[in-house]
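Contents: one structure, followed by commentary.
The values are calculated or read from the model by the stated rules, or taken from the named source; none is laboratory data. Everything quoted here is computed from the prediction, not taken from an experiment. Virtual Cβ from ideal backbone geometry, glycine too; neighbours counted across all protein chains shown. Each accessible area value is taken on the protein alone, full model and side chains, heavy atoms only, with ligands, DNA and RNA left out. Shrake-Rupley method; radii C 1.70, N 1.55, O 1.52, S 1.80 Å.
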Amino acid sequence: MEPIKTIKSTCVPLPAENVDTDQIIPARFLKATTREGFGDNLFRDWRYSNNGDPVPGFVLNQPGVKGSILIAGKNFGCGSSREHAAWALYDHGFKVVVSSFFADIFSNNALNNGLLAVQLPEEYIQRLFIALDQNPSLEATVDLPTQQFSMEGIEEPASFEINKHKKSCLLQGFDDIDYLLSHKEQIKSYEATRTTV
Amino acid sequence: MTGKTLFDKVWDQHVVSEITDGPSVLYIDRHFIHEVTSPQAFDGLRNRGIGVFRPKQTIATADHNVPTIDQHLPIRDKLSRFQVQKLTENCQEFGVELYGLGHKYQGIVHVIGPELGITQPGMTIVCGDSHTSTHGAFGAVAFGIGTSEVEQVLATQCVLQRKPKKMKIEVNGQLGRGVLSKDIILYIASKISTSGATGHFIEYTGTTIKELSMEARMTICNMSIEMGARGGMIAPDNATFEYLKGRQFAPQGEDWHLAKQSWEQLYSDENAEFDVVHKFEAEDIAPMITYGTNPGMGMKINGTVPESSENIKALAYMGLTAGQQLLGKEVNHVFIGSCTNSRIEDLRLVASLVKGRQKAPNVQAMVIPGSKQVEKQARLEGLDKILEEAGFQLRQPGCSACLGMNDDKVPSGEYCVSTSNRNYEGRQGPGARTILASPLTAAATAITGRITDVREII
Ligand code: SF4
């Protein structure tokens, strides 16, 4: 996993609420056995019509809207546990997803793949949507060490929470499996204390 | 001193170590895997040059992607075939038991675990699938994980998890005629919304819940995730022990008595504290259906679609308008199956309703048993004949139209009354319009060809 520190980019606004993982990557695209290539089908059924033409109104098809920061409505990533949703966002080029509320499994999956899930207050996000609506080329900065989010045209930055362990993993590009593997002996002694299983 | 909840008791017993301000290293007793969310995890092990740490604690099956007819033939879809084959190869290489296509134990992962007695009270159980919460019906801490976490479990038999908050949902009283546990959970979801339990682990309790069969309890716990919860559980009791006794992988003989003794300690102490408590009355619950595009958008079957700014997009997708009644609406597809409602009890209920009746000509009615064993039992009891005579198709086990990864898709724009758990846009195929309901409501709808209040025909 690549270490993350500061991400500066233009933003893609997606004000829809309750964006579920079936929308992020529909089930029929889950037949792959590798992690790559899911980005092409990100938001497939919102992005393309049934005959494969781009839907002009959808944000990813709008000229002039691009960037590696996705700003979404509340309860992002609910539904299925498919990690493919995080892979699809990352593969498409997103490094950060901002929402006022994330589904639990999704935020674990995102962080496990170096995709930063940044939770900000609902009211602040509404201001971001309004600002981006007027000027889609505004840049935002997400600074992991100081846990701060800021955007051009919005005066005060917002801070976000992230647990210490995850933060240090992301800063070092270290993953949870490395961490768990270093606990093997402890896991074995735990097993020895248990009678059943 | 405050007491411990059921959840605390099970969780705390499985903590190997804790990280300050971070997650716990949580030991996992049982790990289920399937073809869709495991291949990248096995690749991860290969890249690290390590094996599966405790292969006997992982059980594999093929369910998400498999056809529901002609399972003895090679899978026609190339990508599906390859994915299922990959699972077989991975299980062989890493020494994991596989109940693949054709195996007498094959089926939907959340159906086979309980029916084989692999799922037991007090265990921690995970699977790369959000409906792992189903196993909580036995008093297990069971939750869905992502593929990176599947790799964690394969590599170390542990996951890193933060302890969630605790929620109690109490349902008391007597259920009305024609009201099933599916209606209870759709009702609760409609009250607390699709994100109402995010960050929490639910314990379901109350007199209504205690009266339910194990199958019905599984339906409730199954849909915990539809309210955003990490999982949901029910304290084990005699119904649980009766269900498990004698099953293939349940403890036998002296071990059974010892296990039962420890399972009997699994309940929330009188003075245990929950972060959130919800209470509902069974008499307020009627047969339920959904009108929107998330499982929280549900209403009583004879209700009218509510007016709300949050519905606009959903109603446009569903081709419905606020203020409209769904009762009497023509429907062309009925799907009875999925890890929510595909157990033998569900099939018996459906058969008892359709016996001697005929499905409406405008409806295609599919019944997908949850497992090989359910299928076998259904045939043994003659349910296959009853269903077929009524014009229902009894197929072979798998997830099927629940997520439409195989050929069982609902055509764009058409309505399907479905006993599954999700009605998201495109869930049953691009453009498909899903209406979630209980097996009785689904069966009644298949008979009349219109959305039907089952209470009117029983
Ligand atoms: S039946 Fe549906 S919800 Fe259940 S495991 Fe299969 S795809 Fe998931």
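In terms of the Cα gyration tensor, with a ≥ b ≥ c the square roots of its eigenvalues, is chain A rounded because a/c is under 1.5, prolate because a/b exceeds b/c, or oblate?
On the way: a/c = 2.25, a/b = 1.40, b/c = 1.61.
Oblate is the answer for chain A, as a/c is 1.5 or above yet b/c matches or exceeds a/b.
Are there GluC sites (Glu not before Pro) in region A:90-175 that DSSP puts in a loop and that have at most 10 other Cβ atoms within 10 Å, and which ones? Could you put the intermediate results ahead of the total?
Working: sites: A:122, A:123, A:139, A:152, A:155, A:161; in loops: A:152, A:155, A:161.
When the GluC sites (Glu not before Pro) of region A:90-175 are filtered for loop state and at most 10 Cβ neighbours within 10 Å, A:155, A:161 remain.
Counting helices only, and only those DSSP H runs with n ≥ 4, report the 222 nm mean residue ellipticity of chain B as the sum of -39,500 (n - 2.57) divided by its residues, in deg cm²/dmol to the nearest 500.
Numbers: 15 runs with 140 residues, N = 458.
Helix contribution divided over all residues of chain B: -8500 deg cm²/dmol.
Suppose the chain between residue A:135 and residue A:191 were pulled fully straight at 0.36 nm per residue; how much longer would it get relative to their current alpha carbon spacing? Write down the numbers at each step before the final one.
Numbers: separation 56, 0.36 × 56 = 20.16 nm, distance 5.75 nm.
Residue separation times 0.36 nm, minus the Cα-Cα distance, leaves 14.4 nm.
What figure, in Å² to the nearest 10, do you get for the accessible area of residue B:279 with a 1.4 Å probe and non-protein molecules left out?
140 Å²
In whole angstrom, note down how far apart the Cα centers of region B:316-360 and region A:1-51 are.
32 Å
Using the heavy atoms of the protein chains alone and a 1.4 angstrom probe, what is the accessible area of region B:47-86 per residue in square angstrom?
Working: 2210 Å² over 40 residues.
For region B:47-86, the solvent-accessible area averages 55 Å² per residue.
Once the other residues with Cβ under 9 Å from the Cβ of residue B:415 are scored (Lys, Arg +1; Asp, Glu -1), what is the net sum? Mind dumping the intermediate values first?
Working: positive: B:329, B:433; negative: B:330, B:414.
Residues close to residue B:415 contribute a combined charge of 0.
Ordering A:20, A:178, A:133 by how much accessible area each has at a 1.4 Å probe, largest first, what is the list? All intermediate terms of the calculation are to be shown ahead of the outcome.
Details: A:20 5, A:178 55, A:133 130 Å².
Largest to smallest exposure gives the sequence A:133, A:178, A:20.
Kindly identify the protein assembly as shown as rounded, prolate or oblate by the Cα gyration tensor criterion: order the square roots of the eigenvalues as a ≥ b ≥ c, call it rounded if a/c is under 1.5, otherwise compare a/b with b/c, prolate if a/b is larger, else oblate.
Working: a/c = 1.44, a/b = 1.13, b/c = 1.27.
Rounded.
Quick one: buried accessible area between B and A, total over both chains, 1.4 angstrom probe, nearest 100 Å²?
The summed interface area works out to 4900 Å².
Across the residues of B:11-23, average count of Cβ atoms on other protein chains within 10 Å?
Details: counts 0, 0, 2, 2, 1, 9, 4, 0, 5, 2, 5, 8, 6.
Across the residues of B:11-23, the mean count of other-chain Cβ atoms within 10 Å is 3.
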